[in-house]
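The block underneath contains the structure these notes are about, expressed in structure tokens.
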Amino acid sequence: MFGALNRFIGLDAEPTRQARAQSTSDNSFGFQVLRNKDAELPLEPWFDFIEDPDPNLFATEVRNCAGSSVTFEVWSAKGQKTHTVSIPVPASNPDLGLALQLAPLSSTQNIWHVLSIPSPLSPAYRAGLLPHSDYIIGTPSGTLRGESALGELVEDHLNRTLVLWVYNSEFDVVREVELVPTRGWGGEGALGAELGFGALHRLPVGLGEEVEGPGEVVFETRDDGSSAPVVEALGQGPPPSGHFLVPANMTSPPPLSGPPRNLAASPASHSSAGRRHKTRHTGSAAAVSFDDYFAEGEQKSKEQDFAPSRRGTPLPPPPKAGVRSPPSSGSPAPAAAE
């Protein structure tokens, strides 16, 4: 099932990811860094490979660069990324201070991701394995190749101490973990942990490394913290390179809140106040807060759609038959003689 899923992911991948997958195929080899004596060199043992070296001329080319620097293309198993590294070569002793071995890049794909540990009684929990962030990358007992290699190793060490090399992606460290696989701990499996293997469980990008992505820069301001006025920014052409958005002039921002307004005033006073506020807005709109602006708009809407409430004064009953409605003005008319 995992093999079919990996093939599907490879067919549906982007061209860059397909090229990356081809570069880490079984036919790609490199010098794997085993030890690094110089702490200033940005090369990590086990994770970094020097790509496409010539095993016969590699040492000769390094000695020819004595007194200068040599540049390598380095592939990292963390995130499966390639970067360039320049290493200075001393003139007196043309040695890089590295221990290298020729190995396939695909050897770093034999890792197992710790997905979950269901019980605190399991051997994995007692050994200190952490779910989601721990990756089993190897063991001093031998080379692990294939998905079933770890299971076979665990079966060979039942009720015996097993040492594993575990990489933690949150702390970016490798540690040795000692555990005793057993089937009598009260749950399923000899480790008591759910593991993932394959293309979906590769090592992530190392801690602190930049991740390339579209739209990383949202906006930038000037180095001195100043900003151009709105009119000036609109009147000019496109902004200079490195400044994608020019912020507005916020030297005098509007207040966050204004004085309370009497929203229960009469409609007449509201209309006059609305006219006065309208005149004030045309004079200096920046002096009025956003709360006053929205409150005034709400009041104008109430005035235009004003309808008196009928809850306090119910509708009058319909007039009786034969009774005329009272006149609009003057004294009431006398009743007609019968």
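Rule-based calculations on the coordinates, nothing more; no lab input. The model shown is predicted, which means the values in this text are computed figures rather than measured ones. Neighbour counts are summed over all protein chains in view; Cβ atoms, including those assigned to glycine, are modelled from backbone coordinates with ideal geometry.
A few notes on this one:
- Taking amide H as placed 1.01 Å from N in the peptide plane, the amide H of Val205 sits under 5 Å from that of Gly79, each at least 5 places away or on another chain.
- Three-way shape label, segment 69-213, alpha-carbon gyration tensor, a/c 1.5: prolate
- Among the GluC sites (Glu not before Pro) within segment 94-200, those in coil by DSSP and having at most 13 neighbouring Cβ atoms inside 10 Å are Glu170, Glu188.
- Stretching the chain fully between Asp156 and Glu298 yields a gain of 43.3 nm (0.36 nm per residue, less the alpha carbon separation).
- Placing a pseudo-label 7 Å from each Cα along the Cα-to-Cβ vector at Glu194 and Val173 gives an inter-label distance of 2.8 nm.
- Using 0.36 nm per residue and subtracting the Cα-Cα separation, the extra length available between Asn56 and Asp38 on full extension is 4.1 nm.
- Along segment 134-144 the Karplus relation, 6.51 cos²θ - 1.76 cosθ + 1.60 evaluated at θ = phi - 60°, assigns HN-Hα couplings of 9, 10, 7, 10, x, 7, x, 6, x, 8, 9 Hz to successive residues, with x for each Gly and Pro.
- Additional length obtainable on full extension of the chain from Val180 to Ser28, 0.36 nm per residue less Cα span: 51.1 nm
- Close amide H partners of Trp46, meaning residues 5 or more places away or on another chain with modelled amide H under 5 Å apart, are Val33, Leu34.
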